[in-house]
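Undergrad: This structure is in structure tokens; I'll ask about it shortly.
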Amino acid sequence: MKKIPKQEYTAEFMGLAVKRVNNGLTPSAAAKELGVNHQTLHNWIKAAAAGKLGSAGSKVVTPEQMELSGLRAENIRLKRECEILKKATALRQAQDRPSFARETL
């Protein structure tokens, strides 16, 4: 099973997310609205308070790379869902088929 790749965000996106929380929106509501994990947003808030959000040591991510990262994660998630549905369909079909033992009773 493939590991879902870590999603990358631009420093600008992280900064805007932190600003939304600082302007009165709850972290959980902001995370849901922006489509990020609430723990990720909490980490960004802590980093911003320490002055380390988007610091020089962090990797520069373009908006295109951010979108590509999100699409890759979604692709893997959808493939997993498809695998589950295939297995469920096969199981259901196996249950619907009359077995030899049932016919003899």
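Undergrad: Return the residues of the range 16-33 that are in contact with a helix residue (DSSP H, G or I) (Cβ under 8 Å, 6 or more places away or on another chain), over 15 Å from LEU53 (Cβ atoms) and among the aliphatic types (A, V, I, L, M); say none if nothing qualifies.
TA: LEU25, ALA31
Undergrad: Here is a further query. Considering only the range 19-31, I want to know if a residue exists there that is surrounded by 15 or more Cβ atoms within 10 Å (Cβ to Cβ), within 18 Å of GLN7 (Cβ to Cβ) and modelled with pLDDT under 85.
TA: No, because not a single residue in the range 19-31 is surrounded by 15 or more Cβ atoms within 10 Å (Cβ to Cβ), within 18 Å of GLN7 (Cβ to Cβ) and modelled with pLDDT under 85.
The values are calculated or read from the model by the stated rules, or taken from the named source; none is laboratory data. It should be emphasised that the depicted structure is a prediction, and the values quoted were computed from it without experimental measurement. Cβ: placed from backbone, ideal geometry, glycine included. Neighbour counts: every protein chain shown.
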